[in-house]
Amino acid sequence: MDVKQALLARKSVRAFLDTDVPKEKIVAVLDAARHAPSGTNAQPWKVAVVQGKKRVEMANAMEDAFLKICGEGKMDYQYYPVQWKGEYKRRRVETGSQLYRELGIERNDKEARFQQWKINYRAFNAPVILFFFLDRIMQTGSFLDYGMFWQSIMLAALDEGLATCPQAALAQFPELVREKLGYGEEMLVVGGMAMGYEDPGAKGNNYRTSRLEVEEFTRFFE
């Protein structure tokens, strides 16, 4: 698989096999991803790899936090717009509607939608959950660095036969994450990522979001 093939093959997977991932595979993924670029070579990423009993503990705690307030928690930073508009709002709505159609969940089935929302906080029961942290002294540029690091992880995981799903939801209860994993208040929770072996027979795993054509987002100047 070359780079272009990997970029086209990568997708967000929301159902995983109940199969452990060997530590050496995870290390191989991170060993490749550490070569991602960063401004001034700051390499601002800090990663917690959560598996086994600790994964179950974290998933249970995240789900309990979600159920306690029946909704999203508050991230350490503002990820999405406060008010959606225009094309961004349209694509957001289309993406959610398409996913529920793929899962066979009707628009008026509030319970099924709630259950699907809830499983986000279990990282879709993936055998590995990655949590990502950033020292609060770092600024906006480090989020650009993190984007390149995340993409590198996802492509390297694909090369190892692993599937991933990057998740903002896993950063919605940052105090809980820091407490459970022993990180100090100086570390901001950037997000999380589900990782494991894709369940090829699961509904929703063939779900692919649309992409704009190059001409729609690009202007050429000569």
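Observations
- In the stretch 55-90, of all residues being in contact (Cβ under 8 Å) with a residue 40 or more places away in the chain and of a type in the set (K, R), the one that is least open to solvent (accessible area, probe 1.4 Å) corresponds to R55.
- Pair list, Cβ under 6 Å, 6 or more apart: the stretch 107-122 residue open to solvent by less than 40 Å² (accessible area, probe 1.4 Å), other residue modelled with pLDDT under 95 and of a type outside the set (F, W, Y): A112/I105
- If you go through the stretch 187-215 and keep only what is buried (at least 22 other Cβ atoms within 10 Å of the Cβ) and not in a strand (DSSP E or B), you end up with nothing.
- Total residues in the stretch 71-122, condition of a type outside the set (S, T, Y) and outside any helix (DSSP H, G or I): 18
- Some residue of the stretch 125-142 being part of a helix (DSSP H, G or I), farther than 24 Å from G196 by Cβ and modelled with pLDDT of 95 or more: yes
- Test: V21 is under 23 Å from L134 (Cα atoms) and in contact (Cβ under 8 Å) with a residue 60 or more places away in the chain: no
- For G184, the criteria (1) closer than 25 Å to P44 by Cα; (2) in contact (Cβ under 8 Å) with a residue 40 or more places away in the chain; (3) in a loop (DSSP other than H, G, I, E, B) hold in every case but one, which is (2).
- The condition (being at pLDDT 95 or above, under 25 Å from R136 (Cβ atoms), of a type in the set (A, V, I, L, M, F, W, C) and not in a loop (DSSP other than H, G, I, E, B)) is satisfied by just one residue among A48, A59: A48.
The values are calculated or read from the model by the stated rules, or taken from the named source; none is laboratory data. Treat the numbers as computed from the prediction; the structure is a model and nothing was measured. Cβ: placed from backbone, ideal geometry, glycine included. Neighbour counts: every protein chain shown. Side chains are part of the model used for accessible areas, which takes the heavy atoms of the whole protein and leaves out ligands, DNA and RNA. Shrake-Rupley method; radii C 1.70, N 1.55, O 1.52, S 1.80 Å.
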